[in-house]
1. With the condition kept exactly as written, say whether any residue in segment 110-132 is outside any helix (DSSP H, G or I) and under 30 Å from residue 281 (Cα atoms).
2. Hey, does segment 451-470 have a residue that's assigned to a loop (DSSP other than H, G, I, E, B) and either closer than 18 Å to residue 415 by Cβ or touching a helix residue (DSSP H, G or I) at 6+ places or on another chain (Cβ under 8 Å) (or both)?
3. So which residues in segment 499-532 are closer than 16 Å to residue 551 by Cβ and either in a loop (DSSP other than H, G, I, E, B) or not assigned by TED's automatic domain parsing to the domain that holds residue 392 (or both), if there are any at all?
4. In segment 129-144, is there at least one residue being exposed (fewer than 15 other Cβ atoms within 10 Å of the Cβ), within 60 Å of the chain's Cα centre (by Cα), without any contact (Cβ under 8 Å) to a residue 24 or more places away in the chain and over 20 Å from residue 197 (Cβ atoms)?
5. Within segment 678-689, how many residues turn out to be closer than 25 Å to residue 458 by Cβ and at pLDDT 85 or above?
6. Among the candidates 573, 569, which residue alone is closer than 21 Å to residue 387 by Cα, without any contact (Cβ under 8 Å) to a residue 40 or more places away in the chain and touching a strand residue (DSSP E or B) at 6+ places or on another chain (Cβ under 9 Å)?
7. Being modelled with pLDDT of 85 or more, under 20 Å from the mean Cα position of the chain (by Cα) and closer than 21 Å to residue 158 by Cβ is the filter here, so list the residues in segment 297-323 that pass it.
8. Is there any pair with a first residue in segment 178-195 that is under 23 Å from residue 106 (Cβ atoms) and a second that is not in a helix (DSSP H, G or I) whose Cβ atoms are under 7 Å apart and which are 6 or more apart or on different chains, and what are they?
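The values are calculated or read from the model by the stated rules, or taken from the named source; none is laboratory data. The structure displayed is predicted, hence computed values, not measured ones. As a convention, Cβ positions derive from the backbone with ideal geometry for all residues, glycine included, and neighbour counts pool all protein chains shown.
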């Protein structure tokens, strides 16, 4: 069986053309016309020499196909040429329009060049004397310059450029006046001088209004610190077309007199594949300011035909300039484990931190991929607190969970006060060393806030005593995994701080007494709040407010209620403009109005966070908080109110009693414990336990066992012996 030979590219194209209805119709019509002509020619021949009608039709069809192909090729060539000409013309017009401000110096000097050239030609090739031509040019140039200045240039020229403009106009008049005296063979010198003078006088203008034609981003030697990887990336031609379209739409709809930002210009800066970055240059003589541009985001998005949630703005380069970022495709913010930086370098172990270092915990990435969003946890060895502001559903809890994983890597001792009665963060309820619950809607029940405050007081007193008794510590805290930082994370902090304290005005005032010493004791607070108000958020205590805000670790997230953000710095954009959950600003850091997004923990965020939490060993305090509620009795003093000594190896606590039961408080009721705590107590009643043995017996983590031991100790069911084991009362 024979096979047909492979066709070339041209043959294949011919076959494709021949299959089109237009080609077939044109061939049929032309073949019929040719058949008529050929038939007339055949009739003029002798009968013996005439071709058959079938042969005539065959020749007509062959010639028709050949001629139609040539005609279609010529049409295609003309069409392509016309399209190329239109494209080139559009590119020239678009380039001239887009760079109209950069071309202004040349537009100013063009009339002088034209007048000077025209008078030169008139004098050299006509009958006008050179002196008369010079006088005419001086007259026309001076009057024309004054008219142009008063009619158009005075109101459009910024003050700092007026002196150079006046010098350029004067130079133009003199140049045009000299041209009648210049011979035709020496024209190169004057024109070169005019060119160099224009460039020299316009250098500062060119620098400020640099506006290159947008091109796709090329590989650069400068790699961003944390560029998000886009899920998909468009081809270079598509990216360039999109960028040109945005710039053209800005010029045609936004920068017009009735547009959202009249008199402005837009310059493409860079693209990451996920985000296009532009620079907006405002008209300094106009009425629009940077804050008004941000407020007009919805109008700008409508004019550019993009989703308003995909636009963000950031101030840059002076009062008349700001950056606009267009989120083209959703970047990947997948969480790949904690990012902790020691002096800017990522670390994987708490033992890599050097004394006096700066340590940042990264929780997100700015949308342009140029930098991280981070919490400066340690500054030169001392701890900093943080304040996370956001309304319900803003992503505060997810953000603090990512920070908590970084705290776990650093070996921090975490206390978690849950303002939603245990429902806010299952991860921290499980993984924190100590957890406390309170109901933010019931300030009368202060149990959780009281117990949290007691734990803070316990650690503060112990660390303060260490500073007095150990001179090698230098009277201040320096990060040491053996003496880990203690971090109190407070959910619904505005409610906790305003809860009434029995002796102080509020618990905010009580915590404020310890807040002034947090840094030197190796302690920090992370407050999650829906309020950021000077009078009420911090329980009326300025010391607590200073401790939480002085380190510039303010994390501002979505908050539609503007009445609750009274202390926000003016550099921070309105929080009701934040696109969605998980986005925010860092208004006290270097980029106060640059939008960032927190990392994405995936479809099973709690499982992902739990896996990373369990990847690192939890830090343990250098002392047991349960044994420091009351110091053990001195050897030469009574251990109880009855004057009896405590048995060797046992630490006595108030209410434990001595050998006499007279006056002792009632025995605690085990029925008040949860089922899990009752199981732990039953195991301890059978045999003394350590944290690790109790964890193994219950099948839970050591930190979970530590929580249960702390609960049982506080409620008087167990005591700790000197060897570290816990025994039942």
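1. Scanning segment 110-132, I find no residue that is outside any helix (DSSP H, G or I) and under 30 Å from residue 281 (Cα atoms), so the answer is no.
2. Taking every residue of segment 451-470 in turn, none turns out to be assigned to a loop (DSSP other than H, G, I, E, B) and either closer than 18 Å to residue 415 by Cβ or touching a helix residue (DSSP H, G or I) at 6+ places or on another chain (Cβ under 8 Å) (or both).
3. Matches in segment 499-532: 516, 517, 518, 522, 532.
4. yes
5. Final tally of qualifying residues: 4.
6. Sole residue among the options that is closer than 21 Å to residue 387 by Cα, without any contact (Cβ under 8 Å) to a residue 40 or more places away in the chain and touching a strand residue (DSSP E or B) at 6+ places or on another chain (Cβ under 9 Å): 569.
7. 321, 322
8. Close Cβ pairs (under 7 Å, with a partner that is not in a helix (DSSP H, G or I)) amount to 190/182.
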